[in-house]
1. Six or more apart or on different chains, Cβ under 7 Å: which pairs go from a residue in the range 69-94 that's modelled with pLDDT of 80 or more to one that's hydroxyl-bearing (Ser, Thr, Tyr) and part of a strand (DSSP E or B)? Could you list them?
2. Here's a check for you: in the range 57-68, which residue that is in a loop (DSSP other than H, G, I, E, B) and either modelled with pLDDT of 85 or more or not polar (S, T, N, Q) (or both) is farthest from Lys185 (Cα to Cα)?
3. So, in the range 153-162, of the ones that are surrounded by 14 or more Cβ atoms within 10 Å (Cβ to Cβ) and polar (S, T, N, Q), which residue ends up farthest from Pro187 (Cα to Cα)?
4. Among the residues of the range 199-225, write down those that are in a loop (DSSP other than H, G, I, E, B) and either without any contact (Cβ under 8 Å) to a residue 40 or more places away in the chain or aliphatic (A, V, I, L, M) (or both).
5. Given the conditions (1) under 26 Å from His139 (Cα atoms); (2) surrounded by 15 or more Cβ atoms within 10 Å (Cβ to Cβ); (3) not small (Gly, Ala, Ser), and given that Tyr188 satisfies all but one, which numbered condition is not satisfied?
6. Inside the range 139-185, can you point out the residues that are in a helix (DSSP H, G or I) and of a type in the set (Phe, Trp, Tyr)?
7. Yes or no: the range 163-174 includes at least one residue that is surrounded by 13 or more Cβ atoms within 10 Å (Cβ to Cβ) and at pLDDT 95 or above.
8. Looking only at the range 1-47, filter to residues that are in contact with a Ser or Thr (Cβ under 6 Å, 6 or more places away or on another chain), modelled with pLDDT of 70 or more and of a type outside the set (S, T, N, Q); which one of those is surrounded by the fewest Cβ atoms within 10 Å (Cβ to Cβ)?
Amino acid sequence: MSNFKRNDNSKKEDPYKAYFGHPELDALLGNSLLKGQIIFIEQDTPTTIYKQFLRYCIGNSFHKNHVSIIFDQFSEQWSKIIPKKQVESSQQQEEKELQHKIAWRYNQMQQQFTIKNIDSSIFYLDLSKSETEQAVENHLKLNNYDEINNLQQFLQIITKQYQKSLKTSTDSTMKKLIIHDFWDKIPYNQQELNQFLYALKVLIRSSYLLCIITLPERRTDLMQFCDFYITITQLFGNKEFSDFQGMIKFDKIGWSGSLKQVQLDNDKWGIKITQKQLKIEQLYETAIEDDSEEEQKNKIKIEQF
């Protein structure tokens, strides 16, 4: 079990803090995320665990009545993480739903998850309650890349979506911008990309959004545009941590404020995701095989001497 300093949910939320969504995951990041910051997270393959982190992030927003503005080629898939209520006027149907609420929810979710382009090996966040379609629509602003022709237009659409999410002119409620895998969906050159990321950074800072952008590969040349740069390492087939097969760990977390690579105990914490929860455990190196009986006797003799 990890021993991070977890967030106390009973306390009033810090108006300047931004939370990824999972208490121990936030603690692993030092509870140091702030509104107005940008996170780059690499898309680990073939496990694509990073998608689960995005689901925790979106789910956390929904629980706290925050808005998630999502851009994805298949954006509708994100609405499927929240089970929907069926509207029935029949009292008999309502009683049946009450009796089989849990089973119904999971059956519905399983049916929804069979849609195209969803990795069946990825577990989904269960928000433990069903919501109306309108509630989901109010909290999740879904967009795809079909009608975006260049990065300048992309920035304009992001700005409009943010403006639409404001309930009042002074609305300071936490909002998250999630941009998933846009790199091969919109044409650009390096200069256009740099201009886009710089302008986006200015927007994020001024609007107090928390922005998460997924990267298909390692792009350390872009670190100047983010506050955290996260890579994920799999512990599959790793002899050094053979007791932790199936887990992953954060490899590096870059902090652009000091233009340095910040190591958060690189080989200290392992992350394991199951269907219902995310666990973080302290790693230890697998013990070396025991010495032979003769070698142990020789060691004892030397120690006695």
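The values are calculated or read from the model by the stated rules, or taken from the named source; none is laboratory data. The structure displayed is predicted, hence computed values, not measured ones. Note that each Cβ is placed from the backbone with ideal geometry, even for glycine, and that neighbours are counted across all protein chains shown.
1. No pair meets every condition.
2. Of the residues in the range 57-68, the ones in a loop (DSSP other than H, G, I, E, B) are 64-66.
This time we only want the ones that are either modelled with pLDDT of 85 or more or not polar (S, T, N, Q) (or both), so: 64, 66.
Details: Lys64: 31, His66: 27 Å.
Ranking the candidates gives Lys64 first.
3. Here is the first cut: in the range 153-162, the ones surrounded by 14 or more Cβ atoms within 10 Å (Cβ to Cβ) are 154-155, 157-159, 161-162.
Filter once more, keeping what is polar (S, T, N, Q): 159, 161.
On the way: Thr159: 19, Gln161: 21 Å.
Among residues in the range 153-162 that are surrounded by 14 or more Cβ atoms within 10 Å (Cβ to Cβ) and polar (S, T, N, Q), the one farthest from Pro187 (Cα to Cα) is Gln161.
4. Step one: list which residues in the range 199-225 are in a loop (DSSP other than H, G, I, E, B), which gives 208-209, 216-219.
Selection gives Leu209 alone.
5. Of the numbered conditions (1) under 26 Å from His139 (Cα atoms); (2) surrounded by 15 or more Cβ atoms within 10 Å (Cβ to Cβ); (3) not small (Gly, Ala, Ser), the odd one out for Tyr188 is (1).
6. Within the range 139-185, the subset in a helix (DSSP H, G or I) is 139, 151-165.
Of everything in the range 139-185, those that are in a helix (DSSP H, G or I) and of a type in the set (Phe, Trp, Tyr) turn out to be Phe154, Tyr162.
7. Residues of the range 163-174 surrounded by 13 or more Cβ atoms within 10 Å (Cβ to Cβ): 165-166, 173-174.
This time we only want the ones that are at pLDDT 95 or above, so: none.
No.
8. Residues of the range 1-47 that are in contact with a Ser or Thr (Cβ under 6 Å, 6 or more places away or on another chain), as a first pass: 24, 41-43.
Filter again for modelled with pLDDT of 70 or more, leaving 41-43.
So of that shortlist, the ones also of a type outside the set (S, T, N, Q) come out as 41-42.
On the way: Ile41: 22, Glu42: 19.
For the range 1-47, the residue satisfying everything is Glu42.
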